Amino acid sequence: MLPCLLVAFALVADPVADLAAKAEAGDAAAQLELSLRYRDGRGTKRDYGAALKWARLAADSGNAAAQDAVGFQFLRGLGVPQNYDVAVGYFRSAQRAGNVAGTNNLAACHFSGLGLEQNFEKAIELWKQTATKGSPEAAARLATIYYAGDGAARDVELAEKYCRQAAEGGRVDAKLLLGEMLYQQGKKDAAKELWEPLARTGNASAKDLLTLAAWRDQKPEPGKFAYVDYRHVSQGWNNCGATSC
């Protein structure tokens, strides 16, 4: 007698199709998730038009995260002509509802003068609001501003405070900058403890900083070698890192 072989076939659900069904039924959360999947190409082909369609539907129903998502597409010109005025309008709506990402994006527009008059103080005020709520992105922006003295008076203590917050929140750029701050304080081992794990993952900036540390530690040789520190110049809106000089 031959044994009976039972084979079970599992039906694998299509998450995008499931989201689409919920989105069609008017579920704002599903509309937003579907929009982000189309925008970022997660689980489906990237489609900025479809992303904007679903984000707008969710935004029109009052979903603050969706308002931020629509604003982001207009800010970057993803599937639509770039329009800072429209982007700012959506970011303002998201910010009024207390959305952290929308508030951060509105702050960035104030800082860079995109869609409204450049206003460093307003940008910093908004980033401080979201940093207080635990936003690593806002903390990273504030760390860069205070460390470079670009948009506010230079304040190394404040820069380190915000940099630590951003690093603890997982921001790689903050870990790189915090390591540089510690290195300049003479805390070389603490700096390397931040850079070495990043270097092992292939982070080019961390590798460069470790290489730079080796040059910094090398004793000068008359007529052959000397290491001279040079003040890093920030580009303002980004943290290009200590390795630029």
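The values are calculated or read from the model by the stated rules, or taken from the named source; none is laboratory data. Just so we're clear, the structure is a prediction, and the values are computed from it rather than from any experiment. Neighbour counts run over all protein chains shown; Cβ positions are idealised from the backbone, glycine included. Ligands, DNA and RNA are excluded from the accessible area calculation, which covers all protein heavy atoms including side chains. Shrake-Rupley method; radii C 1.70, N 1.55, O 1.52, S 1.80 Å.
Below are the figures for this structure:
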item: Per-region count, the range 183-206, residues assigned to a helix (DSSP H, G or I) and closer than 23 Å to Ala226 by Cβ; result: 5
item: Pair list, Cβ < 8 Å and 6+ apart or interchain, from the range 198-223 residues that are under 11 Å from Leu176 (Cβ atoms) to residues that are polar (S, T, N, Q); result: Leu198/Ser205; Ser205/Thr243; Asp208/Thr243; Leu209/Thr243
item: Arg154 vs. criteria of a type in the set (Lys, Arg) and either part of a helix (DSSP H, G or I) or at positive phi (or both); result: no
item: Enumeration of residues in the range 168-182 that are farther than 12 Å from Ala143 by Cα and either in a loop (DSSP other than H, G, I, E, B) or open to solvent by 40 Å² or more (accessible area, probe 1.4 Å) (or both); result: Glu168, Gly169, Gly170, Val172
item: Residue among Asp14, Asp27, Asp60 that is closer than 28 Å to Gln82 by Cβ and either modelled with pLDDT of 95 or more or surrounded by fewer than 22 Cβ atoms within 10 Å (Cβ to Cβ) (or both); result: Asp60
item: Set Val172, Val233: member being at pLDDT 95 or above and of a type in the set (A, V, I, L, M); result: Val172
item: Meets criteria (assigned to a helix (DSSP H, G or I), crowded, with 16+ Cβ neighbours inside 10 Å and in contact (Cβ under 8 Å) with a residue 40 or more places away in the chain) for Phe74; result: no
item: Selection within the range 100-128 - in a helix (DSSP H, G or I) and open to solvent by 40 Å² or more (accessible area, probe 1.4 Å); result: Val100, Ala101, Ser112, Phe120, Glu121, Lys122, Glu125, Lys128
item: Residue in the range 212-221 that is at pLDDT 95 or above and of a type in the set (A, V, I, L, M) present; result: no
item: Subset of the range 183-209 (residues that are surrounded by 14 or more Cβ atoms within 10 Å (Cβ to Cβ), under 17 Å from Ala167 (Cβ atoms) and under 24 Å from the mean Cα position of the chain (by Cα)); result: Ala191, Lys192, Leu194, Trp195, Glu196, Leu198, Ala199, Asn203, Ser205, Ala206, Leu209
item: Count of the range 30-46 residues which are surrounded by fewer than 20 Cβ atoms within 10 Å (Cβ to Cβ), charged (D, E, K, R) and touching a residue at least 24 places away in the same chain (Cβ under 8 Å); result: 0
item: Residue within the range 86-99 that is at pLDDT 95 or above, in a loop (DSSP other than H, G, I, E, B), closer than 25 Å to Gln129 by Cα and open to solvent by less than 50 Å² (accessible area, probe 1.4 Å) present; result: yes
item: Scan of the range 129-158 for residues that are among the basic types (Lys, Arg) and either surrounded by 15 or more Cβ atoms within 10 Å (Cβ to Cβ) or under 22 Å from Leu176 (Cβ atoms) (or both), ordered by number; result: Arg141, Arg154
item: Of the criteria (1) open to solvent by 20 Å² or more (accessible area, probe 1.4 Å); (2) closer than 22 Å to Lys207 by Cα; (3) modelled with pLDDT of 95 or more, which one Gln165 fails; result: (2)
